[in-house]
1. Of the conditions (1) in contact with a Gly (Cβ under 8 Å, 6 or more places away or on another chain); (2) among the aliphatic types (A, V, I, L, M); (3) under 24 Å from Pro184 (Cβ atoms), Ile127 satisfies every one except a single condition; which number is it?
2. Tell me, which residue of region 1-57 that is part of a loop (DSSP other than H, G, I, E, B), of a type in the set (S, T, N, Q) and within 27 Å of Tyr84 (Cα to Cα) is modelled with the highest pLDDT?
3. For the structure I just gave you, tell me whether Leu212 is modelled with pLDDT of 95 or more, over 16 Å from the mean Cα position of the chain (by Cα), within 20 Å of Gln67 (Cα to Cα) and not hydroxyl-bearing (Ser, Thr, Tyr).
4. Please go through region 226-238 and pick out each residue that is buried (at least 24 other Cβ atoms within 10 Å of the Cβ), of a type outside the set (D, E, K, R) and touching a residue at least 40 places away in the same chain (Cβ under 8 Å).
5. Can you tell me which residues in region 58-82 are part of a helix (DSSP H, G or I) and within 23 Å of Tyr176 (Cβ to Cβ)?
6. Does region 239-288 hold any residues that are touching a strand residue (DSSP E or B) at 6+ places or on another chain (Cβ under 6 Å), farther than 27 Å from Trp28 by Cα and surrounded by fewer than 17 Cβ atoms within 10 Å (Cβ to Cβ), and which are they?
Amino acid sequence: MRESPLSLSGHLVIALRNVRIGLVQATWEGDVSDEASTEENIERMIHKHEGFATIAKQQEVQILCFQELFYGPYFCAEQDRKWYKYAESIPGPLTERMQKLAKDNNLILIAPMYEEESVGVYYNTAIIIDSDGSLLGKMRKMHIPQLGGFWEKFYFRPGNLGYPVFNTSVAKIGIYICYDRHFPEGARALGLNGAEIVFNPSATVAGLSEHLWSIEQPAHAVANGYFMAAINRVGEEPWKTGTFYGSSYVVDPRGQMVVKGSRDKEELVVADIDLDMMREVRNTWQFFRDRRPDSYGDLTKL
């Protein structure tokens, strides 16, 4: 968060609510054959993202988010138990490495991982680390798809941590992972829980979803008066289920695009946002004031 100059009195410094966000959209590099080294594949992707963190620091990014399952391919394109080897304990060695990465680069870091809670119990999870390297917590993907090319129930249990909001050193952050974005209920819960920025790390391929990509998350931003940051990977992976179309973006509480990445290039997408816009927008559109939770009870019974 950047500060304004001293006031005329020479004594008062007013903190502005300007924040610089970085989103990483990257290709997967590795070998999916049974003979391939899991450790080498994982290390290659971690090293690539560590490089993006260095670039983010050089560009004075304050909050950096990686894509869904950032250190692996989107292995849910098939159902094969060999991919369980990609699961990591949280906290654990990879968490500690991400904590060091965040601290060394003075970044708030969101790192989506494949979590092993216990033997045979796995979640699609994102950890969030403050710029001093402290682990603030994690969010587990709540909605788990199961259809051709997205066999996620084979790999993940539905999340059981609700919709937490993390009070970082510069903003209150919520996380909604990939398929979650199709469900407005959780997006509203994050707003009611105090989120100022909601990050949605994803792995989604061209097709029906690409049209929705540019509609749903701006709608969440408008309905809840917060910023949303959507992250998607790029390129094709060995299963040929479709092209990951990038187009990572940040949208403001008015539903307007602040920045949008390319469809096919590996890159760091950077946006400057002013969190004070939230107050202006919410004082105009009083959606939280005018809610009628007393009339919504049947929604949980249907």
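1. All conditions pass for Ile127, except number (3).
2. Within region 1-57, the match that is modelled with the highest pLDDT is Thr27.
3. Here the answer is yes, as Leu212 does meet what is asked.
4. Tyr226, Phe227, Ala229, Ala230, Ile231, Asn232
5. Within region 58-82, Phe75, Cys76, Ala77 qualify.
6. Asp272, Asp274
For (1) among the aromatic types (Phe, Trp, Tyr); (2) touching a helix residue (DSSP H, G or I) at 6+ places or on another chain (Cβ under 9 Å); (3) on the phi < 0 side of the Ramachandran plot, each residue gets a yes or a no:
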| position | (1), (2), (3) |
| --- | --- |
| Ile128 | no, no, yes |
| Tyr155 | yes, yes, yes |
| Gly174 | no, yes, yes |
| Leu208 | no, no, yes |
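Quick grid of which residues meet (1) in contact with a strand residue (DSSP E or B) (Cβ under 6 Å, 6 or more places away or on another chain); (2) under 22 Å from Trp28 (Cα atoms); (3) free of Cβ contacts under 8 Å to residues at least 40 places away in the same chain:
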{"residue": "Phe70", "(1), (2), (3)": "yes, yes, no"}
{"residue": "Lys85", "(1), (2), (3)": "no, yes, no"}
{"residue": "Glu96", "(1), (2), (3)": "no, no, yes"}
{"residue": "Leu109", "(1), (2), (3)": "yes, yes, no"}
{"residue": "Phe150", "(1), (2), (3)": "no, yes, no"}
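The values are calculated or read from the model by the stated rules, or taken from the named source; none is laboratory data. All figures in this text were calculated on a predicted structure; none of them were measured in a lab. Note that we place each Cβ from the backbone using ideal geometry, even for glycine, and neighbour counts take in every protein chain shown.
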